[in-house]
Amino acid sequence: MFRVAAPSLELHSIDNLAAPSEQMNDPPPMIQRIAGWLACLLLWMGCTLIWTDTAKAQTAADPAAEPANNIGHQSMEATVETLLASMTVADRIGQLFVIPFQGSSIRQSDAIVRLVHDYRVGAVVLTEQNGNIDNAPGSDTPRQVAALANQLQALPWGLFAPRGELPPDRTDIVADHWMRLPDPLLETGLGIPLLIGVSQTGPDQSAPVLRNGFTAMPNQMAMGAAWDPAYAQALGTILGQELAAVGINMLLGPSLDVLGSDGRQPSGVRATSTYGGDSWWVAENGAAFIQGVTDGSSGRVLSIAGHFPGQGGSDRDLNQELATIQRSLTDLQRNELLPFVRAVQTRRESETSGSGSPMAGLLTSHIRYSGFLSSRERTPPISLAPQLEEILALDAFADWREAGGLLMSGKLIVPSLSSYYGQSGQTSFANRIANDAFQAGNDLLWLAGSGPLDPNAASTLQEVILYFNVQYLEKPDFALAVDNTVRRILQAKLRLYPPAFFDRAAWTKLEEADNPLSMQTIRHLAPIGDSQSDPEVVAVGFDPLAGQIPGGVPTQLSEGSLAVKAGIITWVAQDAATLLHLDAEQAADQVRAVPNPDDRLLIFTDDRTRSTCPGCQPETVLAVDQVEAAILRLFGPDATAQIEPDRISSYGFGDVAAWLNRTANTVAQFRMDRALTEATWVIFAMLDVNPEQHPASEVVHQFLRQKPDLLLGKRVAVLSFDAPYMLDETEISKLSVYIAAYSPDPPFVEAAVRGLFHDLEMSGAPPVNVPGTPYGSLVERLEPDPDQVIPLSVFDDKRSSLDLQALEVRLGDSLQIRAGPILDRNGNRVPDGTPVEFLLRYPNDNLDLRIDPIPTRDGSATMDLLLDRAGTLELAARSLESTTSIGFQIRVEEESAAQILTVQPTVTPLTNTESPSAEPGPAISRTPALRWTLTSLSFLGSLAVLLVCLGLYAVLWARDLAVERKVLNMLWGAGSSAGLYVAAAFVLPFATPHLNQATLMLVTASLSAGSCLLVLAWFHLVRADH
């Protein structure tokens, strides 16, 4: 042992002071060292666990939450069981129901207050029909929705917010802003947040529920026509951001229905609310959109995809009459169920929501499938039938249900179900409908009708809820089923909100904070806005179109700029625009193919109006002069000067219908006759054809049938701003040009106009069958293009292509061969599952090897080729009618390395055979900010270690004591580690966005090591002193 020479004997080594007999009894030095190091190691591990646990708790805790119990630190399963054990029967039953209500704000006397607070209802849906959303011109819809969401979320806590928003002075909340509701059950509610749902697909033509102040989303068919799931994901991101910012946490969408062979839908059910008629592409777009909603909302919005198990083949409105479709379970698995399987397979990885948490729930459909159910009239729809459990028992859905996947019923108080149950003579069928829906497997029961809410609906809702309470108390099996359902609902809500929002301790603080209520209490009770990162931010209004966000910018909206949002929608519109028909004369005459300064343009526009709610001001879907305005803006005097304003005129379909039917006055009749005589271009801007609700929508049909002579010598164009299959083959043959734009929103109108003037290369393709056009068969369009040359490549385990010249393989080795990307007739990658045949031939031996077709994945097919035979092997590939590919000639020798030669086909390859980009260009990336801090206990402990070390140094230096070098080293190490920690306390707040948990644990471990060194140094000094 090394010692420091000392001038005095005031401090000696313990070894020198020990008696000879004691020294003889001491253990050997090696054992002493080992024991000392083991003690240091155990002490270091203990300190590290203490410091690290403290730091982790600080970084993981929600700043807004101060739980008095352990609920915030339990696992998902334990938290659910803790909450369930705290719930009364009324709490559990109420969580099952989704209800409507009336009004854009809440009064204390409203029925919704009683239903949520007294009957413990757990979910609501906002609709325009019930006046929940104010889209009137000039209204601040985002702020109104946010205030309503605040009011709703206060009710489970037993609070009523008259205005639904915080006052400008946030120091105190006085009684006129928040007041406590009387509890008739004499028990406090758990404060479980409500599910607040909305559907962005309205009941009428292109009418999203949230419009004013929200980004105008294109319909799903427009997304499908762009053939790029990255667009769907980007648009889902935008929608998720905006919904979360105003407190909406449940989206009833997207629709994953696969349209039938003709793509047609009945009146009132918009075909453009689906992605198309191919199950694989519907699945790709649907899953991407759901992913986008989850990412954009940071996991705060749950998507409920409809309409399970698929109603794309329905021939009527299922809310009015039950439809029966000829499908077996096997048929459903091959087609309709594929998008839903893809949706439930999406998972969200998160510390708060748990690993592998489902991103989407499913909304069931009121449809009957003969062959799977029955073709009898008394067969219930699948949403209420026991056979629904057979579908849920399939492997894909069973895993999803086990992970907490939610199943929500369609609207249950609708005429079709009322008529079905009314046939049995039952007077009060609401209880039975709800019970059958629950027994079939639905978790959330949507007690709503197809129209505006009946003023007496509240009594019906209360009756159903009370009926379920009685069933729970009387039937143990029913109670067990309810408990299992509530577990899934609680899991879904825990994935939306931190566990602290479910903490009963908040009620203790509320009782202590008498009026005026403390701001801190309200922050804790308001699970709206960006509470994960800033408890002071409650839902605020914003106006993305005007670029003004009053009241502050939540984190969800700070990244997606307005220019990016507008740009994404413009890209979708341009990539979706489709040239459906161009006659031979139009194609041959390039001069007259587009309108020029000598032409006169006559535009007929479907100017129908829509009424989104009783008493609301009707809105125009497509303005009479909207197409004209777009033409003048892009090609008028201030642009390319192709069209002068005095050479273009516009009329509405109503005017044209009156002219056709001879009901217009004489002046109007004369003006129309003159306009048609002078016009060289007649342009129809049409929506869908729905004569029952909009008689004038048949104008295009009537004009082409009744007045074809007036169109002789004129260019006739149809711009379709809805589903593209509204015209038949004969009508299309009379047109010069037929363009599908799919949506009446301004970016799509502009894309159609640019396509008409040949200013845009229209690369889109309809995702449905359009008879009378080259896109008459969607199945054929999605098959491999027969004119393409399929590329072949050799790749390694990392999916990287290999250089054939540098590749060295021998007899007995294996090669991985990839054929693709294989493109369809639209120029997009073929759907997964497209069969590809690899053709293997030994020409010298006249031997052909037969291999079973291999399905594609991401547009390519791969095979493992074993070189087990010497000789020359020729390799090629084909897929259905696409029979030409790059070839390989592999010469395998017994002793030497094989030679691989590329054989070019004799046909001319396609110019566009590049692989579709895998990078989602328009997708919005999000980088979550880390909020890591150091605990005050850790800081104070490190400061104490530093001070003690400095003090000991000062004492030793002042007294000029001789100590062992290892003691000095220990003091130096302890002081350094403590100083490092103190410095980190000041540096880390600025550097934490770039650090992670491992860095924080490393810092705390250094403090632990310093603590151990200090203890050992003190121990040696004490022994030396003795």
### Residues being modelled with pLDDT of 90 or more and of a type in the set (S, T, N, Q) - total across region 675-690
2
### Query
Are any of the residues in region 657-667 in contact with a His (Cβ under 9 Å, 6 or more places away or on another chain) and at pLDDT 90 or above?
no
### Task
Check D797 against each of (1) at pLDDT 90 or above; (2) part of a loop (DSSP other than H, G, I, E, B); (3) surrounded by fewer than 23 Cβ atoms within 10 Å (Cβ to Cβ) and name the one condition it does not meet.
(1)
#### Entry: Meets criteria (of a type in the set (A, V, I, L, M), crowded, with 18+ Cβ neighbours inside 10 Å and either within 24 Å of D606 (Cα to Cα) or out of contact with any strand residue (DSSP E or B) (no Cβ under 9 Å at 6 or more places or on another chain) (or both)) for L792
no
### Task
Please list, ordered by first then second residue, the pairs with beta carbon atoms under 9 Å, 6 or more apart or interchain, first in region 443-459 and within 15 Å of H366 (Cα to Cα), second of a type in the set (D, E).
S450/D317
### Query
Given the conditions (1) within 33 Å of the chain's Cα centre (by Cα); (2) surrounded by 14 or more Cβ atoms within 10 Å (Cβ to Cβ); (3) within 29 Å of A398 (Cα to Cα), which single one is not true for G449?
(3)
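Okay, residues lined up against (1) buried (at least 19 other Cβ atoms within 10 Å of the Cβ); (2) over 15 Å from E783 (Cα atoms); (3) touching a Phe, Trp or Tyr at 6+ places or on another chain (Cβ under 7 Å); (4) of a type in the set (D, E):
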| position | (1), (2), (3), (4) |
| --- | --- |
| N844 | no, yes, no, no |
| D848 | no, yes, no, yes |
| I851 | no, yes, yes, no |
| P855 | no, no, no, no |
| L866 | no, yes, no, no |
| A870 | no, yes, no, no |
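Matching residues to (1) modelled with pLDDT of 85 or more; (2) farther than 30 Å from N212 by Cα; (3) of a type outside the set (S, T, N, Q):
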position: W44; (1), (2), (3): no, yes, yes
position: C47; (1), (2), (3): no, yes, yes
position: W51; (1), (2), (3): no, yes, yes
position: A57; (1), (2), (3): no, yes, yes
position: E66; (1), (2), (3): no, yes, yes
position: Q74; (1), (2), (3): no, yes, no
position: S109; (1), (2), (3): yes, no, no
position: E128; (1), (2), (3): yes, no, yes
position: V145; (1), (2), (3): yes, no, yes
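Among the residues of region 458-482, which ones are of a type in the set (G, A, S) and touching a Leu at 6+ places or on another chain (Cβ under 8 Å)? It would help to see each step written out before you state the result.
Going through region 458-482, the residues of a type in the set (G, A, S) turn out to be 458-459, 479, 481.
If the condition is that a residue be of a type in the set (G, A, S) and touching a Leu at 6+ places or on another chain (Cβ under 8 Å), then A458, A479 are the ones that fit.
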## Note on the structure
Note on region 837-856: residues in contact (Cβ under 8 Å) with a residue 12 or more places away in the chain and of a type in the set (S, T, N, Q) are N844, T856
### Message
Just the residues that are among the small types (G, A, S) and either modelled with pLDDT under 95 or in a loop (DSSP other than H, G, I, E, B) (or both), please, taken from region 732-752.
### Response
S733, S736, A741, S743
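Condition first: under 39 Å from the mean Cα position of the chain (by Cα) and buried (at least 18 other Cβ atoms within 10 Å of the Cβ). Can you find one or more residues in region 654-676 that meet it? I'd like the intermediate steps shown before the answer.
Of region 654-676, the ones under 39 Å from the mean Cα position of the chain (by Cα) are none.
The answer is no, given that none of the residues of region 654-676 is under 39 Å from the mean Cα position of the chain (by Cα) and buried (at least 18 other Cβ atoms within 10 Å of the Cβ).
The values are calculated or read from the model by the stated rules, or taken from the named source; none is laboratory data. The structure presented is a predicted model; accordingly, all values stated were derived computationally and were not measured. Neighbour counts are summed over all protein chains in view; Cβ atoms, including those assigned to glycine, are modelled from backbone coordinates with ideal geometry.
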